[in-house]
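The values are calculated or read from the model by the stated rules, or taken from the named source; none is laboratory data. All of these numbers come straight from a predicted model, not from anything done at the bench. No Cβ is skipped: glycine too gets one built from the backbone with ideal geometry, and neighbour counts run over all protein chains shown.
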Amino acid sequence: MMVLLRRRDDLVCQQVVELVSDYLEGALPRSERKRFERHLRACPNCTAYLEQMRVTIATAGRLTPDDLSPEAREEFTDLFRSWRADGPGAPD
Amino acid sequence: MESDVELLARLRDGDEQAFVTLVGRYQGSLLRVARTFVPSDAVAEEVVQDTWMGVVRGVDRFEGRSSFKTWLFRILVNRARTSGVREHRHVSIDSTEPAVGPDRFDGNGAWAEPLSPWESDVDDRLVAASWGPALRAAIDGLPGRQREVVLLRDVEGLPSDDVCEVLGITEGNQRVLLHRGRSRLRTVLESELQTRGR
């Protein structure tokens with residue numbers, strides 16, 4: 001892979017997919033980011049890939065919590081009362 | 001939906017409904033993160049229960065310098081560590097695992113088959129919702145360290161700095177873990193779409 005990198009200045013798709021996270025995290029050095037973006041402009045597949053990664057991340061962010069069972073709600077209500085009754089100040 | 005801060009204020013006043021609402025909001029993620037540190041579901045449940053006790057008893061000391069979420073997960077990770085499990089500091093990372101299988105590329109490293117965008121589907125809430133279970137399962141199947149980072153960053157939305165601090169890892173490590181994790185999740189969603197034959 002490094003051989004490919006040095007032989008030509010252009011990134012190939014297989015390299016681009018490894019840089020996607022650093023790109024999204026804003027962690028690519030400027031020159032690398034430019035090469036990345038230049039590749040994207042010419043490559044609909046990698047553009048689609050980047051979009052798929054964005055969608056994956058957004059979908060993870062939309063996961064909703066599992067509902068607590070009524071038993072668990074009751075258990076935590078009881079625990080809460082007993083913890084409050086013991087008073088604060090227990091060390092971490 | 002009530003914000004964490006509002007619930008916390010009510011919790012300070014001893015409102016048990018507010019407490020149970022917070023538990024409902026975070027219990028699943030806490031258990032999932034705890035499980036990456038400890039050897040069994042049972043121990044994870046103990047650690048999480050301990051964490052909630054820490055919240056109830058420590059709520060007056062929470063100063064809001066970090067978000068409630070970051071505070072909560074920091075308590076969790078501290079408890080998980082003291083319940084004696086794995087040394088977490090040195091993250092070894094398999095950097096050879098590719099984001100996309102090599103068979104998907106031709107001899108020049110270009111995509112062998114065209115990729116189609118998903119964007120129009122996902123803005124559709126119904127489709128997103130139907131992906132939920134598959135994505136959940138995929139996250140549960142990630143290696144522990146990738147799972148922690150994905151849960152905290154992408155599911156819970158903690159900022160990068162907070163995730164590094166809570167887990168005690170460097171930013172570079174976090175990025176590699178996140179990259180591996182997200183790449184795997186994308187692959188799962190992709191095959192899910194193909195299976196459903198759209």
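A search for C-beta distances below 7 Å between a residue of region B:95-114 that is outside the structural domain of B:Ser191 (by TED's automatic domain parsing) and of a type in the set (Gly, Ala, Ser) and any residue that is in a loop (DSSP other than H, G, I, E, B) and at pLDDT below 95, counting only pairs 6+ apart in sequence or on different chains, returns nothing.
Residues A:Ala72, A:Ala60: which one is more than 7 Å from chain B (Cβ to nearest Cβ), at negative phi and without any contact (Cβ under 8 Å) to a residue 12 or more places away in the chain? So that I can check it myself, show each step before the final result.
On the way: A:Ala60 fails: more than 7 Å from chain B (Cβ to nearest Cβ).
Unique residue meeting the criteria: A:Ala72.
Conditions: (1) more than 9 Å from chain A (Cβ to nearest Cβ); (2) closer than 17 Å to A:Ala60 by Cα. B:Gln194 meets all but one. Number of the miss? All conditions are met except number (2). Screening the candidates B:Ala99, B:Ala128 for the property of being modelled with pLDDT under 65, of a type outside the set (D, E, K, R) and in contact with a Ser or Thr (Cβ under 7 Å, 6 or more places away or on another chain) yields one hit, B:Ala128. Of all residues in region B:4-42, exactly one satisfies the criterion of being within 10 Å of chain A (Cβ to nearest Cβ), farther than 24 Å from A:Leu63 by Cα and among the small types (Gly, Ala, Ser), namely B:Gly14. Annotation: of all residues in region A:38-73 being among the β-branched types (Val, Ile, Thr) and closer than 30 Å to B:Gln27 by Cα, the one that is surrounded by the most Cβ atoms within 10 Å (Cβ to Cβ) is A:Thr56. Could you check region B:17-51 and list, in sequence order, the residues that are over 23 Å from B:Asn78 (Cβ atoms) and surrounded by 18 or more Cβ atoms within 10 Å (Cβ to Cβ)? B:Ala18, B:Val20, B:Thr21 - these are the residues of region B:17-51 that are over 23 Å from B:Asn78 (Cβ atoms) and surrounded by 18 or more Cβ atoms within 10 Å (Cβ to Cβ).
Would you kindly identify the helices (runs of 4 or more DSSP H) lying entirely within region A:1-48 that contain at least 2 residues that are modelled with pLDDT of 95 or more? Before you say what the answer is, go through the steps one by one.
Numbers: elements: A:2-7, A:13-24, A:30-42.
Qualifying helices (runs of 4 or more DSSP H): A:13-24, A:30-42.
Is it fair to say A:Ala42 is farther than 22 Å from B:Asp13 by Cα and either within 7 Å of another protein chain (Cβ to nearest Cβ) or of a type outside the set (Lys, Arg) (or both)? Judged against the criteria, A:Ala42 is a match.
In summary, B:Glu63 fulfils each of the numbered conditions (1) crowded, with 18+ Cβ neighbours inside 10 Å; (2) in a loop (DSSP other than H, G, I, E, B); (3) not basic (Lys, Arg) with the single exception of condition (1).
Across region B:30-63, the number of residues qualifying as acidic (Asp, Glu) and under 17 Å from A:Asp86 (Cα atoms) comes to 2. With respect to the conditions (1) closer than 24 Å to A:Arg62 by Cβ; (2) within 9 Å of chain A (Cβ to nearest Cβ), B:Gly54 lacks only one, and its number is (1).
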